[in-house]
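For reference, the structure is listed below as C-alpha cells.
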Amino acid sequence: MKVGFIGMGNLGKAMAGRLIEQGFELVVWNRTLGKCEGLKAEIAESPAAVVSAADVIVLNLFDTAAVLDVLWMENGILSADIEGKLIIDTTTNHFGDVFQLYDEVESMGGMYLEAPVLGSTVPASKGLLVVLASGSALALEKARPVLDAIGRKTCWLEKEGAASKVKVINNMLLGVFCASIAEAAALGEKAGINKAELLEILAEGAGKSLVMDAKKDKIIKGDFSAQFSGACIFKDMGYLQALAHELQTPLYTGSLVKELFGEMFRKGIADEDFSAVYKVFSGE
C-alpha cells in the first residue's frame, strides 16, 4: 500500500519510519526537505505531488494553521485532484477550527479523518501510539491499515471535533504530571537529596505514572532532546484554555501549568523536550 506522508517533525518522522518498517511504500514531503533524509521513501517536490502519488495521505503538522497552509499553498494538497482520497490528520488541531478542515477537504471530493495520537517518538517508532479518531465510518475503515500500523489502539469518537477535544484534555494531564515531577525533582535537589535517587523512589510511590516512566531519565541525565517539545505542549494547552473559555468553565491546574511551559520560551528552551520545564524550577 502506497501512503503519502506530510510533516517530518520528531513525531512525524518516527511515524513514517514505523510505516516503512511495516511494509508500506511511502512518498513524503516536508517544507524543509532535508528533514526527509534517512527515510527509505520517495521524496516529493510538493504536497500536490504527494496526493498524485498516493490514495491515503497522513499529515503530522504543528497546528491547524500549518494544516491550512499545506492545503492551500501553491502546489498544496487542494491544488491536486483529491476525489476519493483520504487525508488522515494526526495533527493536534484546534477543536473548533478542525471543522474547516473537514469542510474544505470534503468539498473537493476527499475524505478527512481527524486522528490525533497519544504518545511521542518512542511509542511511535514501535507502533504503540493510541489513536483518537473522529469522522465518517467509511474514512475510518479505509484508514485502518495505517492506524493499526502506528497504534496499539484506536479510540473511535465519531462526532467531529471530539478527538481534538480529548487530545488536549489528555495533554492537560501530561503537562500537569510532568511539571509536578520536574518541580519535585528540583525541590528535592535543593533539600540536598540526590535527584536520581529521589526520582527512583517517587516512581515507586505517588509519582508512579506513564509520564514518570517516560521522562524520569531525561530529568536525571539532563538530556532534553525533543520527543515532544515545550512549544508543542504550550500550544496544546492554549487550545485547552480556549475549550474552557467556550464552555464558560474555569481551568485551574491547566492554566497555571500552561504558564509554566510559557516560561520555557522566556528561557530560550521551548524547542527542547517539554520535560525541560525542570529548568524553570531548578534555575538552570
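The values are calculated or read from the model by the stated rules, or taken from the named source; none is laboratory data. These figures come from a predicted structure and were not determined experimentally. Every residue, glycine as well, gets a Cβ built from its backbone with ideal geometry; the counts of neighbours run over all protein chains shown. Note: areas computed on protein heavy atoms with side chains; ligands, DNA, RNA excluded. Shrake-Rupley method; radii C 1.70, N 1.55, O 1.52, S 1.80 Å.
Annotations
- Tally, over segment 3-42, of residues that are assigned to a strand (DSSP E or B) and acidic (D, E): 2
- Figure legend. Inter-residue proximity from segment 65-82: first residues within 10 Å of S46 (Cβ to Cβ) and open to solvent by less than 10 Å² (accessible area, probe 1.4 Å), second residues assigned to a helix (DSSP H, G or I) and among the acidic types (D, E), beta-carbon distance below 8 Å, spacing 6+ or different chains. Indicated pairs: G76/D69.
- Within segment 211-232, the set of residues being over 16 Å from L61 (Cβ atoms) and hydrophobic (A, V, I, L, M, F, W, C) comprises V211, M212, A214, I219, I220, F224.
- Any hit, segment 202-209, residues being in a helix (DSSP H, G or I), in contact (Cβ under 8 Å) with a residue 12 or more places away in the chain and of a type outside the set (K, R): yes
Conditions (1) surrounded by fewer than 22 Cβ atoms within 10 Å (Cβ to Cβ); (2) of a type in the set (A, V, I, L, M, F, W, C), marked per residue:
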| position | (1), (2) |
| --- | --- |
| S107 | yes, no |
| A124 | no, yes |
| L129 | no, yes |
| L138 | yes, yes |
| D148 | yes, no |
| L157 | yes, yes |
| S164 | no, no |
| L173 | yes, yes |
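- Selection status of I193, among the β-branched types (V, I, T), at negative phi, part of a helix (DSSP H, G or I) and open to solvent by 20 Å² or more (accessible area, probe 1.4 Å): no
- Number of residues in segment 216-249 that are without any contact (Cβ under 8 Å) to a residue 12 or more places away in the chain, open to solvent by 20 Å² or more (accessible area, probe 1.4 Å), assigned to a helix (DSSP H, G or I) and over 23 Å from G268 (Cα atoms): the value is 1.
- Count of residues meeting criterion [under 16 Å from V277 (Cα atoms) and open to solvent by less than 30 Å² (accessible area, probe 1.4 Å)] in segment 197-215: 4
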